[in-house]
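The values are calculated or read from the model by the stated rules, or taken from the named source; none is laboratory data. Given the structure is predicted, the values throughout are model-derived calculations rather than measurements. Cβ coordinates were reconstructed from backbone atoms using ideal geometry, including for glycine residues, and neighbour counts include every protein chain displayed.
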Amino acid sequence: MEHFTFIDQKIDILGLIALVVATPFFIFFVRNVMLSKASKNWPKVNGTIINIPNMPTVRKYSMEYEYEVGGTTYRNRRVFYSNIDAYSISLAIEFDKKYSKHQIVDVFYNPKKPKQAVLEPGRIDGAFLGVALLGMVVIYGVFAVFAPTLYAQFIDLLFQIFN
């Protein structure tokens, strides 16, 4: 019986660690999804691409654009809301084909925070997978810490299904 108590303590600790580590990432992912959806309704202004990387294979695509809202000029690098700040090589190549230096572009800005802006509103490449995975880790942590008996029943059920 002592062995099970030790395992329960380990599950509680691992669940707490999972909860503490995953929650901020989960909140960040959900925030980005919400901002991406909201960006579809943001007002747009004309902007100009002022800087673009020389090579499209650069993993950190650092295109920069400038736009003006209410007499204030802003600079931004965000193409769309994603859960990472480094785009894949295929996205960098896509952006290189789509955008060029001095190009006039539509910039969609947050009317409450004009420094938040995107060029492609509503685009959320890969966000749902991240939210789903982190959501499962958060749920694991919640069950392991706050409902250990329910968690143990769930684990037993999984073992019965996969054995």
Exercise. Determine whether the range 2-9 contains at least one residue that is at pLDDT 70 or above and either surrounded by 12 or more Cβ atoms within 10 Å (Cβ to Cβ) or hydroxyl-bearing (Ser, Thr, Tyr) (or both).
Key: no
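Matching residues to (1) at pLDDT 90 or above; (2) surrounded by fewer than 18 Cβ atoms within 10 Å (Cβ to Cβ); (3) among the charged types (D, E, K, R); (4) assigned to a helix (DSSP H, G or I):
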residue	(1), (2), (3), (4)
Leu19	no, no, no, yes
Phe26	no, no, no, yes
Ala38	yes, yes, no, yes
Tyr67	yes, no, no, no
Ile84	no, yes, no, no
Ser100	no, yes, no, no
Lys113	yes, yes, yes, no
Quiz item: Scanning for something modelled with pLDDT of 80 or more, under 18 Å from Ile124 (Cβ atoms), crowded, with 16+ Cβ neighbours inside 10 Å and of a type in the set (Val, Ile, Thr), does the range 44-52 turn up at least one residue?
Solution: no
Quiz item: Quick check, is Val118 surrounded by fewer than 18 Cβ atoms within 10 Å (Cβ to Cβ) and either at pLDDT below 70 or not aromatic (Phe, Trp, Tyr) (or both)?
Solution: no
